[in-house]
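Reading through the structure tokens given below for one structure.
The values are calculated or read from the model by the stated rules, or taken from the named source; none is laboratory data. Note that the structure is a prediction, hence the values are computed from the model and not measured. Positions of Cβ are backbone-derived with ideal geometry, glycine not excepted, and every protein chain shown enters the neighbour counts. Heavy atoms of the whole protein, side chains included, go into the accessibility calculation; ligands, DNA and RNA do not. Shrake-Rupley method; radii C 1.70, N 1.55, O 1.52, S 1.80 Å.
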Amino acid sequence: MIHLQSRQNSYAALLQNRRNFFLLLAGLLLILLLSVLIAVSLGTIQIAPIETYHIMVYKLFQLDIGNVATQVSPAHIEIIWNIRLPRILLAMIAGSGLALCGTVMQASVQNPLADPYILGISAGASLGATFAILMGSFGPTGIWGTAIGAFTGALAAAGLVMALSGIGGKSSTIKMILAGMIANALFSAFSGFIIYLANNADGIRSIAFWTMGSLAAAKWKTLAFPGLVILMSCVYFMANTRKLNAMLLGEEAATALGVDSSKIRRNNMLMTALITGLVVATCGIIGFVGLIIPHLVRGMFGSDHSRLIPTSIIIGALFLIWADVLARILLPSGELPIGIITALIGAPFFMYVLLKSSVGFGRVGG
Amino acid sequence: MDLSVENIRVQLQHQSIVKDVSLAVKKGEFVGIIGPNGSGKSTLLKTIYRLIKPVEGTILLSGKNLSTLPLSESAKSVGVVSQFNALNFDFTVFDMVMAGRTPHKRALSTNDRQDYELVCSALRQVGMEQYGDRNFSSLSGGEQQRIILARALAQQPKLLILDEPTNHLDIKHQLQLLALVKSLGIGVLSALHDLSLAAMYCDHLYVMKEGHIVASGPPRKILTAALIRDVYEIDCEIQENAATGMLTVCYYPTQLMPVVKGA
């Protein structure tokens, strides 16, 4: 097995190790690019791969390869360029955003089970978004209103969970999971209530959207803002991996290393609420991504965030792209909500993490 | 680097745990704090390494008021080995010690040769250079304690704060740790349980009881049976050992309180 964690045999070995890691990152990026290209050619409507790439090349570079206009149908151009590609890019954005959220939250509360879905942050965002849409008579409307509503809801949920589990004092893993359960139950019930109260004909369908997620609504113009925010968050957290490492060592050690953990925790929770809010506002609740990905990556590369953050981001994107491909092609008749796929993978994974002795249940977390 | 603590009072949950305490640590001096459980030693140290804010009084680091100094700045010169608590995440020993470089590194900077060498030499100093690739959680309590010390050393502190650093260590490593810390030639402030060890290594002792400092001075001057009787409520004999020339504390067996039936 290749050792990817830092070695200390010699400084040269350390540098070599770092080069290997960059190579691996480059490889992962290549796989990501290939995945996007493959995923774009898969779907319920059969479009030949060669035609797909014709359209892609034509659209991307404005290159006329053998008279595209006559060779491919405009309907296919529409499907590839305006339906599938935005959808895959949204999967990429949401996947990396959620994986980043999970990683950062786990370090911020020193708890390996922290995840936007499990802690009810997603449910809070979903309540905020439904509230903004269905009661849409106040404030800004459209995507902005939804995003602001989702962010506010996510923030409220984060605040509630932090207060209930007693962060700042001593918080145990059990308390935090229970607090997440409470937040989940409470916020989901409220969203359901609002949707039914609004007596909307699509009520039940939109509940399915908000609780199990879907990438079907992806459009070019709704991608830009979440994409930009998540990209900036990635850069921000990559620049602060040392602080995240220090946070992981607990409040005392972080303070001793000059890292003001309560300030950084507040900052990080604010940023993860923003990311979760944006993701939920655009594609509903997609659970477990923030739990699965950091765990997998930690198993491979260790807890050092300078490796954990970039790999989690890429693997999170990969994971959701392929989960969405499954959601699209598994049923011949239509598509599955993507949240079902991630839950089918995530729930057993959660169980495995619970059973693994390394999680400090009963022990004081942090 | 000199530390000077002036009249600080610390409250936890509306109770004063540290009351009007002043102390000083000069460069190169090994200063010990002794006192029974709950006398406020840990709270005092936590206040000095800025986990808790005092309600009154000032802490000066080389004449600069600590409360106006950014945390990231004071961490460049103050290293801490605290009472060890369990982690929910695992690190390799190497990464653990590398975390000690945190206050000296800027965002986005990678670990360079100097960092690498500091980490290696810190591991060598605590006798753990073969353990770099091991997982921290796979080490014994004492080994973990030594790694935490290595992390503090990699921080290149000018003042080291130790909170009962010898807790999990066997006697050999207790002596080694204290000797190592003393050999660094920097200011050291340490809470200690073992009175004989405190007498052996400390240049200056502060004795705490119920949040107050009740005695201070060089160990030979202040460590008396009467003081220990007063502070710890036990009887003992303090002698100079003829062979080692060190102070030794011999305790008398203590009487258990009679159990009152039906109370």
- Those residues of segment A:225-246 which are among the aliphatic types (A, V, I, L, M), within 10 Å of chain B (Cβ to nearest Cβ) and touching a residue at least 40 places away in the same chain (Cβ under 8 Å), in sequence order: A:238
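Every residue, every condition in (1) modelled with pLDDT under 95; (2) touching an Asp or Glu at 6+ places or on another chain (Cβ under 7 Å), yes or no:
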| residue | (1), (2) |
| --- | --- |
| A:59 | yes, no |
| A:63 | yes, no |
| A:71 | yes, no |
| A:89 | no, no |
| A:102 | no, yes |
| A:111 | yes, no |
- Is it the case that some residue within segment A:275-286 is within 14 Å of chain B (Cβ to nearest Cβ) and within 16 Å of residue A:106 (Cβ to Cβ)? no
- Query: Regarding residue A:312, is this residue among the hydroxyl-bearing types (Ser, Thr, Tyr), open to solvent by 40 Å² or more (accessible area, probe 1.4 Å) and either within 30 Å of residue A:146 (Cα to Cα) or within 11 Å of another protein chain (Cβ to nearest Cβ) (or both)?
  - Reply: no
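For (1) assigned to a strand (DSSP E or B); (2) under 21 Å from the mean Cα position of the chain (by Cα); (3) not hydroxyl-bearing (Ser, Thr, Tyr), each residue gets a yes or a no:
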| site | (1), (2), (3) |
| --- | --- |
| B:205 | yes, yes, yes |
| B:216 | yes, yes, no |
| B:228 | no, yes, yes |
| B:237 | yes, no, yes |
| B:253 | no, no, yes |
| B:256 | no, no, yes |
| B:259 | no, no, yes |
- Boolean, residue B:79 is more than 9 Å from chain A (Cβ to nearest Cβ) and not in a helix (DSSP H, G or I): no
- Query: Within segment A:236-251, how many residues turn out to be charged (D, E, K, R) and modelled with pLDDT of 90 or more?
  - Reply: 2
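Residue-by-condition table, conditions (1) of a type in the set (Ser, Thr, Tyr); (2) in a loop (DSSP other than H, G, I, E, B); (3) closer than 20 Å to residue A:30 by Cα:
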{"residue": "A:300", "(1), (2), (3)": "no, no, yes"}
{"residue": "A:308", "(1), (2), (3)": "no, no, yes"}
{"residue": "A:314", "(1), (2), (3)": "no, no, yes"}
{"residue": "A:336", "(1), (2), (3)": "no, yes, no"}
{"residue": "A:341", "(1), (2), (3)": "no, no, no"}
{"residue": "A:344", "(1), (2), (3)": "no, no, no"}
{"residue": "A:350", "(1), (2), (3)": "no, no, no"}
{"residue": "A:353", "(1), (2), (3)": "no, no, no"}
- Would you pick out the residues in segment B:89-99 that are within 7 Å of chain A (Cβ to nearest Cβ) and open to solvent by less than 20 Å² (accessible area, probe 1.4 Å)? B:89, B:91, B:92, B:94, B:99
- Message: Just to be sure I understand the filter: pairs with C-beta atoms under 6 Å, separated by 6 or more residues or on different chains, first member in segment A:333-350 and in contact (Cβ under 8 Å) with a residue 12 or more places away in the chain, second member open to solvent by 40 Å² or more (accessible area, probe 1.4 Å). Which pairs pass?
- Response: A:337/A:212; A:339/A:212; A:340/A:212; A:341/A:326
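Please specify each residue of segment B:110-147 satisfying the condition of being among the acidic types (Asp, Glu) and within 11 Å of chain A (Cβ to nearest Cβ).
Scanning segment B:110-147 gives B:112, B:115, B:117, B:129, B:133.
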- Among the residues of segment B:240-251, which ones are assigned to a loop (DSSP other than H, G, I, E, B) and closer than 17 Å to residue B:225 by Cβ? B:241, B:246
- Task: Just name the residue that is surrounded by the fewest Cβ atoms within 10 Å (Cβ to Cβ) out of those in segment B:55-76 that are assigned to a loop (DSSP other than H, G, I, E, B) and at positive phi.
- Result: B:63
